[in-house]
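Working notes, structure below.
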Amino acid sequence: MEITKDMLIGEVIRSKPESIDTLLRFGLGCVGCPASQMESIEEAAMVHGIDLSQLLKALNEQ
């Protein structure tokens with residue numbers, strides 16, 4: 001499954017649990033917070049000042 005910018009963080013974690021390490025490495029500690037159920041990968045990257053293309057690349061390389 002390819003992870004896209006529109007996917008919710010919670011959706012990514014449920015379908016690809018190994019993504020948690022990558023999200024944490026990029027500084028996204030929201031893997032366990034309620035916002036992860038409503039926030040897309042793109043929104044999280046923007047809020048945290050993370051390069052979206054690098055994050056998506058890392059998530060999809062797993």
Considering only residues of segment 15-36 that are in contact (Cβ under 8 Å) with a residue 40 or more places away in the chain and hydroxyl-bearing (Ser, Thr, Tyr), which is surrounded by the most Cβ atoms within 10 Å (Cβ to Cβ)? Ser19
Tally of residues being at negative phi and not in a helix (DSSP H, G or I) across segment 2-51: 19
Which of the residues spanning segment 37-60 are without any contact (Cβ under 8 Å) to a residue 12 or more places away in the chain and acidic (Asp, Glu)? Glu43, Asp51
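Whether any residue in segment 25-40 is of a type in the set (D, E, K, R) and modelled with pLDDT of 95 or more is what I want to check.
Residues of segment 25-40 of a type in the set (D, E, K, R): 25, 39.
Now drop any that are not modelled with pLDDT of 95 or more, which leaves none.
There is no residue in segment 25-40 that is of a type in the set (D, E, K, R) and modelled with pLDDT of 95 or more.
The values are calculated or read from the model by the stated rules, or taken from the named source; none is laboratory data. Remember, predicted model here, so these are calculated numbers, not experimental data. Neighbour counts run over all protein chains shown; Cβ positions are idealised from the backbone, glycine included.
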